[in-house]
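Input: a single structure, listed below in structure tokens.
The values are calculated or read from the model by the stated rules, or taken from the named source; none is laboratory data. Computed from a predicted model, the values in this text were never measured in an experiment. Cβ coordinates were reconstructed from backbone atoms using ideal geometry, including for glycine residues, and neighbour counts include every protein chain displayed.
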Amino acid sequence: MDLARLYRIRGRVQGVGFRFFTQRTASRLGVRGWVRNLPDGDVEVHAEASANVLQHFRAELERGPRFSEVREITEMTMEPAPFSSFDIR
């Protein structure tokens, strides 16, 4: 059974390729959902996959791309939606 999580990533996460990193990572792991920049400089990610995959995905988000600096990730449980891919919004 797939689960859904909403992550909010704080730190130096805009202007460093974080959305593209997230999309590539999601595609590699089979995660569905979306990623977007927020006006306050954070990045928001809606992700759906199995619990094990989401755990690995979050670890990748904590690492981030080369020039990012992730300071904090908050996580909320969401209701799954019918996503078939992972998109940048």
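Odds and ends about this structure:
- Put simply, of ALA59, ALA47 the only residue that is crowded, with 16+ Cβ neighbours inside 10 Å, among the aliphatic types (A, V, I, L, M) and either in contact with a Leu (Cβ under 8 Å, 6 or more places away or on another chain) or modelled with pLDDT of 95 or more (or both) is ALA47.
- Among the residues of the stretch 1-25, the one identified as among the aliphatic types (A, V, I, L, M), buried (at least 20 other Cβ atoms within 10 Å of the Cβ) and either part of a strand (DSSP E or B) or touching a helix residue (DSSP H, G or I) at 6+ places or on another chain (Cβ under 7 Å) (or both) is ILE9.
- Among (1) touching a residue at least 24 places away in the same chain (Cβ under 8 Å); (2) part of a helix (DSSP H, G or I); (3) of a type outside the set (Lys, Arg) - the single one GLN55 does not satisfy: (1)
- Scan of the stretch 63-89 for residues that are at pLDDT 95 or above, surrounded by 13 or more Cβ atoms within 10 Å (Cβ to Cβ) and either of a type in the set (Asp, Glu) or outside any strand (DSSP E or B) (or both), ordered by number: GLY64, PRO65, SER68, GLU75, ASP87
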